[in-house]
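Notes to accompany the following structure.
The values are calculated or read from the model by the stated rules, or taken from the named source; none is laboratory data. Predicted, not measured: the structure shown is a model, and the values here were computed from it. FYI the Cβ positions are ideal-geometry reconstructions off the backbone, even for glycines, and counts take in every protein chain you see.
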Amino acid sequence: METQVRFVFDPHASHLTAGTFASGLNAVVTHNPKFAIRDFSGEARFSAGTSAQANVRMSIKASSLTLLDEVSEYDDREIRRATMDEVLEVKSFPEIMFESSPVTTVKINENLHRTTIAGNLMFRGVNRTHSFNEPVVVGEDSLRGYGDFNIKQTDFGIQIASIAGGTLKMKDEVKVAFSSMPRKEERVEALPFSRSGPNSVAGSHAVMDL
């Protein structure tokens with residue numbers, strides 16, 4: 001039976017941020033809010049010696065988003081309230097999930113691959129197809145990937161949040177930037193990745209990146 005190589009996302013060597021863009025009367029004097037994602041789980045698998053049957057799973061705890069900008073205590077409280085209660089609705093939708101369809105790669109040189117990852121993104125109870133490109137450097141016991149992509153909040157049924165009585169409003173677009181270094185684990189027998197939904201995601205403490 002064909003074996004697969006499993007790489008688990010290392011939260012200490014991986015970074016993921018989500019940035020929004022402000023508009024409105026206060027936008028010219030306000031930082032565009034930027035969040036770090038602290039709590040995640042995930043893995044990447046592919047057939048030994050090849051990228052065939054490569055798949056990626058990931059899960060994010062929505063409540064783990066932490067504002068990186070230095071703002072007043074009031075602004076911090078208001079931005080967090082709007083993000084957690086109005087945008088993410090963390091009590092109803094505690095996790096953000098992604099599971100890829102087969103990953104395609106193009107070998108650039110011995111270690112560098114240009115990778116296209118497409119799959120299903122489950123966000124706020126809405127399941128949509130999402131894809132992005134990522135350069136991946138393949139090492140003996142680890143992978144290193146980096147890149148960024150954009151999503152629109154309205155694609156997931158999110159009403160754009162406003163703060164400070166409507167004088168500061170967030171734009172629809174969210175930019176997600178990531179760098180990651182999944183660590184190799186023991187070889188495992190090839191198992192079909194479940195398409196049953198977000199509850200199939202395995203692992204603990206990982207992020208939304210590859």
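Considering segment 83-187, the qualifying strands (runs of 3 or more DSSP E), each wholly inside and each with 1 or more residues that are under 13 Å from the mean Cα position of the chain (by Cα) and in contact (Cβ under 8 Å) with a residue 24 or more places away in the chain, run over 95-100, 112-123, 126-138, 143-152, 168-180. Between Val126, Val138, the distinction of being β-branched (Val, Ile, Thr) and within 22 Å of Ala13 (Cβ to Cβ) belongs to Val138 only. Taken residue by residue, segment 65-87 has no member that is at pLDDT 90 or above, within 20 Å of Glu43 (Cα to Cα), out of contact with any Asp or Glu (no Cβ under 8 Å at 6 or more places or on another chain) and crowded, with 20+ Cβ neighbours inside 10 Å. Looking only at residues of segment 7-38 that are hydrophobic (A, V, I, L, M, F, W, C) and more than 27 Å from Arg144 (Cα to Cα), we find that the one that is modelled with the highest pLDDT is Phe21.
Residues checked against (1) loosely packed, with under 13 Cβ neighbours inside 10 Å; (2) over 21 Å from Ala13 (Cα atoms):
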position	(1), (2)
His113	no, no
Met122	no, yes
Leu143	no, no
Gly147	no, no
Thr154	yes, yes
Ile158	no, yes
Ala161	no, yes
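When Thr129 is tested against (1) surrounded by fewer than 14 Cβ atoms within 10 Å (Cβ to Cβ); (2) at pLDDT below 90, just one condition goes unmet, and that condition is (2).
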